[in-house]
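The values are calculated or read from the model by the stated rules, or taken from the named source; none is laboratory data. What you see is a predicted model, and the numbers here were worked out from it, not measured in a lab. Counting neighbours? That spans all protein chains shown, and the Cβs are built from the backbone with ideal geometry, glycine included. These accessible areas exclude ligands, DNA and RNA; they are computed on the full protein's heavy atoms, side chains included. Shrake-Rupley method; radii C 1.70, N 1.55, O 1.52, S 1.80 Å.
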Amino acid sequence: MRQVRYSVAMSLDGYIAGPNGEIDWIIMDPEIDFRALMSRFDTVVMGRHTFEAATALGEGPTMPGVKTIVISHTLRPEDHPDVTIVGDGWEGTIGGLRREPGKDIWLFGGGKLFRSMLGAGLVDAVETAVIPVLLGGGKPLLEPSVIQTRLQLTGSRVYDKSGIVLLEYRVLTEHS
């Protein structure tokens, strides 16, 4: 079964973006092989806020050879023909994607969607690149919730020049 991986950069104090959505603090370490990281995925899932932020940056939310799915109750599919917009029933859509053949699925972006997908049992791995910066506030890795989730460390790496620490965890279910 394909895995949903929440792969994200995070400040040392637990934020994935600054108070106004700033991401200029994220270091692009040349030691990190982004091409190899991206080659693991053929689908990316994001929420409306992340989709709109990526579009506003001019980078566009789509990548060649990668299917983009946006979870939103307000965006209209006809306004965004290059992506798949899913509203109600998104849990079933993601569950179906996991059962299809293919590469893993990248959960990209915000803590709200991460919290919702984690609560629905649809996140298999959490991979954080801890950036050596303290933001003091902003958008947290995980929006507040009552969900306690146990994780098992599956990998780690320190990038000495930038100070980035990559941590990889498997999400443990009640049956793990």
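Numerical summary
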{"read-out": "Label zone at K161, where the point sits 7 Å out along the Cα-to-Cβ direction: segment 25-42 residues whose backbone N lies under 12 Å", "value": "28-33"}
{"read-out": "Cα→Cβ-extended label distance, 7 Å offset, between V133 and D88, nm", "value": "4.1"}
{"read-out": "Length added when fully stretched, R99-T154, from 0.36 nm per residue minus Cα-Cα", "value": "17.5 nm"}
{"read-out": "23 Å Cα-Cα reach of K103 towards lysines, excluding residues that sit fewer than 8 places from it in its own chain", "value": "K67"}
{"read-out": "Reachable lysines, given that their alpha-carbon falls under 25 Å from the alpha-carbon of K139 and they are not under 8 places away in the same chain", "value": "K112"}
{"read-out": "Gyration tensor (alpha-carbon) shape descriptor, the chain, a/c threshold 1.5", "value": "rounded"}
{"read-out": "Accessible area in square angstrom per residue, the chain, 1.4 angstrom probe", "value": "57"}
{"read-out": "Net charge dipole size for the chain [Lys, Arg +1 and Asp, Glu -1 on Cβ; Debye, nearest 20]", "value": "420"}
{"read-out": "Relative contact order of the chain, defined on C-alpha pairs under 8 angstrom at six or more residues apart (%)", "value": "34"}
